[in-house]
1. Name the single residue that is surrounded by the fewest Cβ atoms within 10 Å (Cβ to Cβ) among those in the range A:392-410 being modelled with pLDDT under 90 and of a type in the set (Gly, Ala, Ser).
2. Considering only residues that are over 16 Å from A:ASP67 (Cβ atoms) and at pLDDT 90 or above, which ones fall in the range A:6-31?
3. Within the range B:45-72, track down each residue that is within 14 Å of chain A (Cβ to nearest Cβ) and either assigned to a helix (DSSP H, G or I) or more than 13 Å from the chain's Cα centre (by Cα) (or both).
4. Mind checking which pairs have a first residue in the range A:237-250 that is closer than 17 Å to A:PHE309 by Cα and in contact (Cβ under 8 Å) with a residue 12 or more places away in the chain and a second that is open to solvent by less than 70 Å² (accessible area, probe 1.4 Å) and away from ligand 1 (no atom under 11 Å from the Cβ), Cβ under 7 Å, 6 or more apart or different chains?
5. Of these, B:GLY547, B:GLY603, which one is closer than 30 Å to B:LEU437 by Cα, more than 10 Å from chain A (Cβ to nearest Cβ) and surrounded by fewer than 15 Cβ atoms within 10 Å (Cβ to Cβ)?
6. With over 28 Å from the mean Cα position of the chain (by Cα), among the aliphatic types (A, V, I, L, M) and either within 13 Å of ligand 1 (Cβ to nearest atom) or more than 14 Å from chain B (Cβ to nearest Cβ) (or both) as the only criterion, which of A:ILE261, A:ILE292 stands out?
7. Does B:GLN538 meet the test of being within 14 Å of another protein chain (Cβ to nearest Cβ) and not charged (D, E, K, R)?
8. Evaluate the following for A:VAL225: is it among the aliphatic types (A, V, I, L, M), modelled with pLDDT of 80 or more and not in a strand (DSSP E or B)?
Amino acid sequence: MKQGDTISAVATAFGTAGIGIIRMSGENSIAIADKVFTAMNNKSLMTAPDRSVIFGHVKDANGEIIDEAIVLIMRSPKSYTMENVVEIQCHGGVEALRAVLRRTFEAGARPAERGEFTKRAFLNGRLDLSQAQAVLDIIQAKTPTALKAAENQLLGKTSSQIKKIRREILKIVAHIEALIDFPEDDVEDIVINEIDKKIELQIEEAQEILNNQHRGKLLREGLKVAIIGKPNVGKSSLLNYLTQSERAIVTDIPGTTRDVIEEFIDFRGIPLKLIDMAGIRDTDNPIEKIGINRAVSYIEDADIIFALFDISRSFSDEDSRILDLIRNRQVLILLTKSDLPAKINTMRIKEYSKEEVIPISIKTDSGIDSIFKFISKKIEKDSLEMSFVGNERESIILSDSIKHMKEARDAIEHDLGLDFVSIDLRSALELFSKLTGESVDEDVIDEIFSKFCIGK
Amino acid sequence: MFLEDRYDVIVIGAGHAGIEAALATARLGCKTLLATLSLENLAMMPCNPSIGGPAKGNLVREVDALGGEMGVAADKTCIQFRTLNTGKGFAVQALRAQADKRMYQFFMKSVCENTCNLDLKQLLIEDIITENDKIIGVTTETNETFLANAVILASGTYLGGRIIIGESIFNGGPNGQRAANKLSDSLKNCGIRLMRFKTGTPARVDGRTIDFSKMEIQCGVDENQNFSFITETPVINKAVCYLTYTNKRTHDILKKNLHRAPMANGVIEGVGPRYCPSIESKIIRFPDKDRHQLFLEPEGLGTQEFYVQGMSTSMPADVQIEFLRTIPGLENVKIMRHGYAIEYDCIDPLQLKQTLEFKNIAGLFSAGQSNGSSGYEEAAAQGIIAGINAAAFVKNTEPLILKRSEGYIGVLIDDLVTKGTDEPYRMLTSRAEYRLLLRHDNADIRLTPHAIRIGLASPERVEKFKTKITEIEVASNKLNETRITPCKEINEKLKSVDIGEIHTTMPIADLIKRPGVTYEKLRKIFDLPNISRNSAKQIEISLFYSGYIQKQSELADKMLNLEKISIPDDINYNLIQNLRFEAKEKLSKIRPCSIGQATRISGVSPADISVLIVWLKSIPKK
Ligand SMILES: Nc1nc2c(ncn2[C@@H]2O[C@H](COP(=O)(O)OP(=O)(O)OP(=O)(O)O)[C@@H](O)[C@H]2O)c(=O)[nH]1
Ligand SMILES: [Mg+2]
């Protein structure tokens, strides 16, 4: 059995080399890829040979370049799902990856459900029977709490808002349907302008959710990591090391960094926003002072703090000030310059933190693995990928429902009749129900009978 | 026990379901017995004298399109017609008519009496006889046995009927009829689950005691429309209805006597329909409403009886007359029949297949109010399907299962057998997800091909249908082939019939997509065939609303893919580990025949459906 529609999802959110892959499967996947992707050689993907690798750009609806990408085409049946499969490898980091995914939706793909690629592979006979159980397990996976929390990020925060919009639309639909199903009953007439205004209001509400909250904040901005420490401990060096750049100026003069430097990185699959700032110390320099004040406020805002202590110098008052700042915070303590002879007395630090203290050196590349382990322990990598897709799916649903509400207003404007207003609004309700898990038919009918006195 | 006769099909009950069922089987060549408690009351309308309305009118048209009788009878015997919802969109427009109840019954009786293969008998059936989970016949009160290959239960509200008027309670069917008390036990003994439902009706009052001058007149509208696609003559309006309102005094009397209302004091156990509340429950549920409307509707031309629409009640007789007399125009009214509530047994429709055959008793079908529905039209719709499928069962041919995208009949039956119902089920347009496709104007295009294939369409119907289809085809082709380019001559031509200028080359079909442009207008200025008004309307509707219609067709097609994945009869849901408990329970109970049907079962999640699809794939093909 061939599934009609084409599904799309992030296959690997962040590869080791900073590459994210979007995978599509279905009859139209090549056509959809062709719409969003322009090859360097300007040739259509439709005629591209099977298993070919094509360089080019993903462009938005206006033809603006979103990202540089490589497309891999696997034609049916020689693919994992036995359907036409296209993989788009993107290089532009998380934001671009999201944008490319969105583009595939705009071009006609729909978000894949959990385990759907595997399910299709199975249904199309790609996997053998013994694997059926595994597929079933994926579909009805018991969700770990962390995953659940990530997936429901949108719903957790905004479900009450969505439910409110849904209620309002439901009320309008029920009123129209009551008039349609019981035209000879004593149901008050509809003032079409009022309905129009009400719909407009709900569109605004939905748009608001979409604008503000629909993207998992975590994923849009990455995990905020504040790198703090007294001057000259090697904060900027660490930032440069992790970003593989010369983004921050590094000198052996304490107080080099005066401003806040934010850099977005893909740390082996985990999106991080590294924040380097002025070393914290007492100073008379007004500019440095402002920098330090700002640093303190960034520390408050961070998801995780890397607190750096210089192994090659002895523990100082400035270091104890750092310990004060990180009290009760999610913190990773790093002893920098571990390639140099240790002078620091770590007693005070260990007293302070139960977490292990990790010595690192960017000169000898040591300790970086431990940093990675620490972070992935804090945030399950899977949960990020799921919420990434989950939120994208939700925002698609929301913007589709806005489209239907707008169509309802068009129907009003063109005087097509209440029936059409209701049909469009019901399509919107149908979508809201996907988010809130309620059923439309019964709800409309219940609402009719509870609100309107109807009957012979 | 005395063996009276042998039939192909026996239909129990000659109400709106039974008649359509029996006519269908007889017309399809099955030797049929139509058994009724009282030959006087065949095709009786025990409730309001009205046929059609939104969704219900579509059902009448669909029954007609399939070769049924209800539409023809309504056209012949109705005395007032109105098209409803005219301003709200063409898909929800519906015809509704006031019936002359006696004339309707006479007409139907004579149709039955003049149908070949059909025996009409006054009998009270008390037992159904089964053998190895298969129906073999029925036994009557007078101990006669009739054998049959198939039996259709169409017993309406007669099963274990109990009439309640205030404190007076007695066994009986509607309108002073007998009840069928023993059949319920017989069904239960066959392992059939029954439910107890309730419905009610208002008083009938004497027209000579009504002061119509205090009421608003509701006239019919001379519609150029019929229920039946084969009726030629236009309908004639011969009667009017009257509108008046309750007031505070009416409500006070009802409130004062609420403790005597059977539904308040616990006498009634059955579940009543929400869309047909008694006046006493309206007062309770909508305390802020200071008046409720009521219509006085003639029960027929040859009678003074008027039906008090909107005032359904089971209050005691003395309260009924007291509150009616507070209403303007009814100050001196005399009641001819009291309003009453009726409780009755019906089967839980979840036990039925989509053919309306019982899953556990081969050859036993059920249709109409005994399936938990309400309304004449809903009954007739199930009746004709049960008839068609009983005949298919007897002849061992393909059954007819209408899809939800094919007809309100499909929605009705699918809802009943998939979702079940906890109140008498009424058809509503809001229950249909593809109502733009299920318009009353295209019922013949949707369903008459089935009737022709099955053999239920009369030669006259076949002829009319083919003419219409050809007209539409020829005219549509012409509309698409005739292309016009913007030039002075064309634009002036268009202007002569009030059509705005064109700016690009287009087929003239595109002009119909503009508001106000009709086929007739275009025919004045272009060379187009002269076709019937109905054919022209089909073309106009499908062009003007093509965007919306297209969208719903696509949705319907998508759903169809899921309907095509069938689920074997013998599947054991308990073996599928990954189904959630609730899903296992529901699926085991309802036993859907396809994945599509399974998606509509409440409590079965999309993940369960995925699991089911994968599971089906994993069982080895036989
Ligand atoms: N040996 C050794 N030197 C390092 C290491 N990391 C940083 N350094 C040196 O330490 C000095 C200070 O490094 P920065 O990265 O500028 O320190 P910072 O914390 O950003 O300093 P401010 O911006 O002034 O607060 C430089 O001379 C670096 O080369 C390391 O792992 N090993
Ligand atoms: Mg620095």
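1. Of everything passing the filter in the range A:392-410, A:SER399 is surrounded by the fewest Cβ atoms within 10 Å (Cβ to Cβ).
2. A:THR6, A:ILE7, A:SER25, A:GLY26, A:GLU27, A:ASN28, A:SER29, A:ILE30, A:ALA31
3. Across the range B:45-72, the qualifying residues are B:MET45, B:PRO46, B:CYS47, B:ASN48, B:PRO49, B:LYS56, B:GLY57, B:ASN58, B:LEU59.
4. Final answer for the pair search is A:LEU239/A:GLU263; A:LEU239/A:LEU274.
5. Within the list B:GLY547, B:GLY603, the selection yields B:GLY603.
6. A:ILE292
7. Here the answer is no, as B:GLN538 does not meet what is asked.
8. no
The values are calculated or read from the model by the stated rules, or taken from the named source; none is laboratory data. Computed from a predicted model, the values in this text were never measured in an experiment. So basically every Cβ, Gly included, is an ideal-geometry build from the backbone, and we count neighbours across all protein chains shown. These accessible areas exclude ligands, DNA and RNA; they are computed on the full protein's heavy atoms, side chains included. Shrake-Rupley method; radii C 1.70, N 1.55, O 1.52, S 1.80 Å.
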